[in-house]
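**Q** One structure follows; several queries about it will come next.
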There are 2 protein chains.
Amino acid sequence: MKRYEDLSPSLRCIMTPGPVEVDPRVLRAMSFPVLGQFDPEFTDIMNETMAMLRKLFVTENQWAYPVDGTSRSGIEALMVSLIAPGDRVLVPIFGRFGHLLHEIAERCGAEVFTIETAWGGIFDPEEVIAAIRNVQPDVVAIVHGETSTGRVQPLAEIGRACREADALLIVDAVATIGGVPVKTDAWMLDAVVGGTQKCLSIPSGMAPVTYNARAEAKLLKRKQVERGLRTEDTAHELPVVRSNYLDLGMLQDYWSPQRLNHHTEMTSMLYALREGLRLVLEEGLEARHARHALHERALVAGLTAMGLQLYGDPASKLTVVTCVLIPEGIDGEAVRTMLLQHFGIEIASSFGPLKGKIWRIGTMGYSCRENNVLRLLGALEAVLLRQGCKLPCGPGVQAALDVYEQNVR
Amino acid sequence: MKRYEDLSPSLRCIMTPGPVEVDPRVLRAMSFPVLGQFDPEFTDIMNETMAMLRKLFVTENQWAYPVDGTSRSGIEALMVSLIAPGDRVLVPIFGRFGHLLHEIAERCGAEVFTIETAWGGIFDPEEVIAAIRNVQPDVVAIVHGETSTGRVQPLAEIGRACREADALLIVDAVATIGGVPVKTDAWMLDAVVGGTQKCLSIPSGMAPVTYNARAEAKLLKRKQVERGLRTEDTAHELPVVRSNYLDLGMLQDYWSPQRLNHHTEMTSMLYALREGLRLVLEEGLEARHARHALHERALVAGLTAMGLQLYGDPASKLTVVTCVLIPEGIDGEAVRTMLLQHFGIEIASSFGPLKGKIWRIGTMGYSCRENNVLRLLGALEAVLLRQGCKLPCGPGVQAALDVYEQNVR
């Protein structure tokens with residue numbers, strides 16, 4: 001039989017919009033022996049994680065817990081649980097992940113209405129508010145930080161408009177949580193999903209969600225206790241959720257003191273999430289957002305000094321993703337391959353209309369630090385020179401160092 | 001702000017039907033730094049994992065990969081992808097997890113037909129075959145190893161009958177894979193899901209699945225490329241799958257050389273899965289099944305020598321779960337609590353009609369070893385004595401030692 005070798009992954013500098021490098025303390029947490037899922041020590045860890053998630057989402061919501069799957073499992077859990085078949089759902093789209101929300105809403109059996117704006121920009125909130133008045137949706141689903149284009153959509157006015165129109169607002173904050181302010185209560189977001197493998201710097205595998213009492217009221221109209229556990233049939237005001245695995249009504253019973261058996265909680269991933277959240281709260285949300293902004297400034301200063309041009313409207317730039325136009329005549333994929341193979345650095349390409357036109361550089365979580373930014377700028381200069389691009393030698397790294405020096409003063 | 005302490009879970013001896021203890025080599029694998037999801041080193045690990053899963057499932061199927069979620073995400077992925085709304089689905093039920101299959105099939109929009117047999121036994125395959133002839137189902141979904149009752153259902157005749165009736169057979173082998181033979185091709189199982197946190201001794205978080213060309217043919221009739229990635233609309237012979245996250249048609253594109261972007265693969269969990277599979281294949285499937293059988297024999301000998309009685313029909317006993325009747329007058333939960341708090345050992349209670357009537361003891365994966373079995377027997381005797389149960393001192397551990405000694409000879 002073929003013998004498989006020991007696992008031995010190379011150490012990478014990951015400057016993509018996720019998955020990014022993981023703090024060694026989080027990696028260590030996953031190597032702890034597991035506890036049983038109903039062990040009181042483990043349920044204590046579950047409760048602590050909920051308390052930490054409330055702080056992360058800046059919310060007083062009762063419900064804040066991880067869905068056991070990658071980020072899109074959390075998006076789908078919110079949508080399949082809060083969108084009843086036949087609901088009117090409005091999806092404003094300003095990049096690839098808006099299209100994903102459209103796709104999932106359709107699969108939930110919704111009547112979907114979309115508005116689109118050109119990639120590289122965002123919506124004036126008034127456009128979305130006008131669409132809300134026009135469509136009168138039951139649910140509005142929108143992306144906060146769009147990694148495909150590197151844009152961030154302000155949400156406060158949209159949140160208020162949804163509340164006034166009695167629509168539920170579902171927000172995909174996968175790319176922003178932990179790197180950019182996400183104010184669940186202040187912005188009146190009814191349901192929010194965050195990502196682990198981006199600004200939280202936890203491996204992909206869990207999707208933290210939170211939702212308020214308005215959202216819960218809708219869940220309760222669709223709630224069903226599982227066959228094999230239930231003692232009586234119940235009538236429902238709205239159809240039962242189409243998924244068992246992603247039914248938030250069941251998940252919240254599992255995360256409540258009732259601990260009604262559902263799935264087997266992902267022990268090691270929960271250890272990682274708890275440790276990652278501990279590090280985020282220890283750093284402090286404001287300090288963390290400021291750190292992300294600092295390294296973005298240094299990166300942008302360096303890229304600009306090298307003569308590279310940024311993509312998209314600067315007014316809506318997402319701090320944690322910087323999109324760079326690939327210079328005329330340069331093969332973007334050859335640059336990425338050389339960066340990875342010779343320098344051990346990963347940056348990202350893009351999707352759809354932007355494929356081959358831009359690189360996307362992430363400055364997220366643990367990857368977002370001075371030595372990574374400087375290393376990338378130096379390596380990118382060398383690779384571009386090697387690929388025949390004409391650019392001055394040296395100014396990229398120097399410009400970034402200037403930003404860091406000014407920051408120290 | 002409240003400071004959260006360092007994570008510091010106690011070391012447990014976990015003798016439940018999962019989650020069970022994890023081999024330290026698997027725990028170590030999760031502490032390796034992460035790779036990006038499209039890094040060639042990472043996609044190599046994905047391919048290796050597929051090759052190992054084919055061996056685990058004893059199949060030549062092209063498709064064998066993990067669904068990113070706990071075991072029931074894999075069950076639901078198979079069902080939601082292979083059951084079209086309106087399909088006739090037959091679910092034979094012999095314990096709690098049969099009810100779960102019923103529940104999920106209903107949520108998929110199926111017309112569900114069930115047959116039930118008393119808990120503690122299994123079906124004579126002829127009963128299931130008669131039901132297949134009678135119902136003429138599109139899909140049959142059945143549990144292989146039922147942890148709620150500790151029974152195992154033979155599947156070869158049922159597999160042949162499904163093939164003859166042109167029904168797809170979906171098998172929940174969550175509890176059996178890696179501990180008990182599961183012969184996907186020989187038994188003509190069209191789609192199988194295994195669990196990680198049981199006999200594979202990998203933390204909960206991934207659900208390995210495999211399915212054959214018959215199952216894939218049905219998937220392809222429902223396939224849709226995601227909005228934001230697709231270049232043209234396609235017509236479908238059958239309705240599009242109701243889930244995006246669990247749509248196997250999309251997952252297989254992501255696991256194919258095409259690598260069509262879907263979710264962000266769970267890096268650290270995949271490291272764990274690959275390492276866990278490596279250890280399983282290094283031990284060898286037959287040797288591993290024999291090991292599970294040996295420790296079951298020792299456990300059963302010990303329990304019997306203590307005067308305890310086993311639950312259920314011995315002919316259908318599942319090797320890896322031993323159900324024990326709680327002696328008259330003894331509080332089963334008090335025994336479990338004392339075992340955990342004083343001895344650091346976890347055993348399980350049960351569900352529904354068996355709640356308070358039996359304990360369930362697992363001998364699975366890394367937990368399934370001599371020192372654990374002996375430790376449990378000694379501790380159980382001490383706790384039962386302490387709880388006022390009349391039983392002889394000493395013979396449990398001695399009887400188990402006898403089994404181990406005979407095995408060495």
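**Q** Taking region B:58-76, which residues are hydrophobic (A, V, I, L, M, F, W, C) and closer than 12 Å to B:Val171 by Cα?
**A** Of everything in region B:58-76, just one residue is hydrophobic (A, V, I, L, M, F, W, C) and closer than 12 Å to B:Val171 by Cα, namely B:Ile75.
**Q** Residues B:Gly388, B:Gly362, B:Gly378, B:Gly394: which one is of a type outside the set (Ser, Thr, Tyr) and touching a Pro at 6+ places or on another chain (Cβ under 7 Å)?
**A** Result of the check over B:Gly388, B:Gly362, B:Gly378, B:Gly394: B:Gly362.
**Q** Also: So, B:Thr114, is that one touching a strand residue (DSSP E or B) at 6+ places or on another chain (Cβ under 6 Å), polar (S, T, N, Q), surrounded by fewer than 24 Cβ atoms within 10 Å (Cβ to Cβ) and within 14 Å of chain A (Cβ to nearest Cβ) or not?
**A** Yes: the conditions hold for B:Thr114.
**Q** Okay, moving on. Could you tell me how many of the residues in region A:253-291 are outside any loop (DSSP other than H, G, I, E, B), touching a residue at least 60 places away in the same chain (Cβ under 8 Å), of a type outside the set (A, V, I, L, M) and under 23 Å from B:Gly69 (Cα atoms)? Spell out the reasoning first.
**A** Going residue by residue through region A:253-291, those that are outside any loop (DSSP other than H, G, I, E, B) are A:253-255, A:267-283, A:285-291.
Filter once more, so that each one left must be touching a residue at least 60 places away in the same chain (Cβ under 8 Å): A:255, A:267-281, A:285, A:288-289, A:291.
With the extra rule that they be of a type outside the set (A, V, I, L, M), the set shrinks to A:255, A:267-268, A:271, A:274-276, A:278, A:288-289, A:291.
With the extra rule that they be under 23 Å from B:Gly69 (Cα atoms), the set shrinks to A:255, A:267-268, A:271, A:274-276.
Of the residues in that region, 7 qualify.
Conditions tested, residue by residue: (1) over 15 Å from B:Tyr211 (Cα atoms); (2) among the aromatic types (Phe, Trp, Tyr); (3) at pLDDT below 95.
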| position | (1), (2), (3) |
| --- | --- |
| B:Phe57 | no, yes, no |
| B:Ala64 | no, no, no |
| B:Gly69 | yes, no, no |
| B:Met79 | no, no, no |
| B:Ile83 | no, no, no |
| B:Asp87 | yes, no, no |
| B:Leu90 | yes, no, no |
| B:Ile104 | yes, no, no |
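**Q** While we're here: What's the number of the condition B:Arg242 fails, among (1) within 28 Å of A:Pro203 (Cα to Cα); (2) without any contact (Cβ under 8 Å) to a residue 40 or more places away in the chain; (3) basic (Lys, Arg)?
**A** Of (1) within 28 Å of A:Pro203 (Cα to Cα); (2) without any contact (Cβ under 8 Å) to a residue 40 or more places away in the chain; (3) basic (Lys, Arg), only one is false for B:Arg242: (2).
**Q** Out of everything in region A:73-100 that is out of contact with any strand residue (DSSP E or B) (no Cβ under 7 Å at 6 or more places or on another chain) and more than 9 Å from chain B (Cβ to nearest Cβ), what residue ends up being surrounded by the fewest Cβ atoms within 10 Å (Cβ to Cβ)? Spell out the reasoning first.
**A** The first filter runs over region A:73-100 and keeps only residues out of contact with any strand residue (DSSP E or B) (no Cβ under 7 Å at 6 or more places or on another chain), leaving A:76, A:80-81, A:84-85, A:96, A:100.
After this cut, where a residue has to be more than 9 Å from chain B (Cβ to nearest Cβ) as well, the list is A:81, A:84-85.
Working: A:Ser81: 29, A:Ala84: 22, A:Pro85: 12.
Per the criteria, the residue is A:Pro85.
**Q** Can I ask one more? If I filter region B:175-223 down to residues being in a strand (DSSP E or B) and farther than 21 Å from B:Thr149 by Cβ, which single residue comes out as nearest to the other protein chains (Cβ to nearest Cβ)?
**A** Step by step, filter region B:175-223, then rank; the result is B:Ala207.
**Q** Return a yes/no flag: does region A:314-336 have any residue that is in a helix (DSSP H, G or I), out of contact with any Asp or Glu (no Cβ under 9 Å at 6 or more places or on another chain), over 25 Å from A:Glu146 (Cβ atoms) and of a type in the set (A, V, I, L, M, F, W, C).
**A** Looking for residues that are in a helix (DSSP H, G or I), out of contact with any Asp or Glu (no Cβ under 9 Å at 6 or more places or on another chain), over 25 Å from A:Glu146 (Cβ atoms) and of a type in the set (A, V, I, L, M, F, W, C), one finds at least one in region A:314-336, hence yes.
**Q** For residues that are touching a strand residue (DSSP E or B) at 6+ places or on another chain (Cβ under 9 Å) and aromatic (Phe, Trp, Tyr), scanning just region B:24-72, find the one that is farthest from A:Leu340 (Cα to Cα).
**A** Among those residues, the one meeting the criterion is B:Phe57.
**Q** What residue, among those in region A:341-381 that are part of a helix (DSSP H, G or I) and either without any contact (Cβ under 8 Å) to a residue 12 or more places away in the chain or among the aromatic types (Phe, Trp, Tyr) (or both), is surrounded by the fewest Cβ atoms within 10 Å (Cβ to Cβ)?
**A** In this case the residue turns out to be A:Asn371.
**Q** Just name the residue that is surrounded by the fewest Cβ atoms within 10 Å (Cβ to Cβ) out of those in region B:33-51 that are of a type outside the set (S, T, N, Q) and facing chain A (nearest Cβ under 7 Å).
**A** Looking at residues that are of a type outside the set (S, T, N, Q) and facing chain A (nearest Cβ under 7 Å), I get B:Glu41.
**Q** Would you say A:Met250 is in a helix (DSSP H, G or I) and modelled with pLDDT of 95 or more?
**A** Taking the combined requirement at face value, the residue satisfies it.
**Q** Among the residues of region B:322-377, which ones are touching a Leu at 6+ places or on another chain (Cβ under 7 Å) and among the hydroxyl-bearing types (Ser, Thr, Tyr)?
**A** B:Thr322, B:Thr363
**Q** Restricting to region B:138-157, name every residue that is closer than 20 Å to B:Gly120 by Cβ and hydrophobic (A, V, I, L, M, F, W, C).
**A** Kept after step one, since they are closer than 20 Å to B:Gly120 by Cβ, are these residues of region B:138-157: B:142-155.
B:Ile142, B:Val143, B:Val152, B:Leu155 - these are the residues of region B:138-157 that are closer than 20 Å to B:Gly120 by Cβ and hydrophobic (A, V, I, L, M, F, W, C).
**Q** Something else now. Could you grab the pairs with beta carbons closer than 7 Å, sequence gap of 6+ or different chains, first residue in region A:182-208 and crowded, with 24+ Cβ neighbours inside 10 Å, second one among the aromatic types (Phe, Trp, Tyr)?
**A** Qualifying pairs under 7 Å: A:Val182/A:Phe57; A:Thr184/A:Phe57; A:Asp190/A:Tyr211; A:Ala191/A:Tyr211; A:Val192/A:Phe57; A:Ser201/A:Tyr366.
**Q** Further, regarding this structure: How many residues, within region B:281-304, are within 11 Å of chain A (Cβ to nearest Cβ) and crowded, with 24+ Cβ neighbours inside 10 Å?
**A** Looking only at region B:281-304, we keep the residues that are within 11 Å of chain A (Cβ to nearest Cβ), and these are B:281-282, B:284-285.
Those still in the list that are crowded, with 24+ Cβ neighbours inside 10 Å too: none.
Total meeting the criteria: 0.
**Q** Being more than 14 Å from A:Pro203 (Cα to Cα) and either within 14 Å of chain B (Cβ to nearest Cβ) or buried (at least 22 other Cβ atoms within 10 Å of the Cβ) (or both) is the filter here; which residues of region A:256-278 pass it?
**A** A:Arg259, A:Leu260, A:Asn261, A:His262, A:His263, A:Thr264, A:Glu265, A:Arg278
**Q** Out of all the residues in region B:129-168, which are closer than 18 Å to B:Gly179 by Cβ and in a loop (DSSP other than H, G, I, E, B)?
**A** B:His144, B:Thr147, B:Ser148, B:Thr149, B:Gly150, B:Gln153, B:Pro154, B:Leu155 - these are the residues of region B:129-168 that are closer than 18 Å to B:Gly179 by Cβ and in a loop (DSSP other than H, G, I, E, B).
**Q** Restrict the check to region B:12-26 and report whether at least one residue is without any contact (Cβ under 8 Å) to a residue 12 or more places away in the chain, crowded, with 17+ Cβ neighbours inside 10 Å and either at positive phi or at the interface with chain A (Cβ under 8 Å from one of its Cβ atoms) (or both).
**A** No, there is no match, as no residue in region B:12-26 is without any contact (Cβ under 8 Å) to a residue 12 or more places away in the chain, crowded, with 17+ Cβ neighbours inside 10 Å and either at positive phi or at the interface with chain A (Cβ under 8 Å from one of its Cβ atoms) (or both).
**Q** I've got another one for you. Say we look at region A:101-111 and pick out the residues that are at the interface with another protein chain (Cβ under 8 Å from one of its Cβ atoms) and not in a helix (DSSP H, G or I); which of these is nearest to A:Val192 (Cα to Cα)?
**A** So, considering only residues that are at the interface with another protein chain (Cβ under 8 Å from one of its Cβ atoms) and not in a helix (DSSP H, G or I), the one nearest to A:Val192 (Cα to Cα) is A:Cys108.
The values are calculated or read from the model by the stated rules, or taken from the named source; none is laboratory data. Here the structure is a predicted model, which means the values were calculated and not measured. Because the Cβ atoms are built from the backbone with ideal geometry, glycine has one as well, and the counts that use them run over all protein chains shown.
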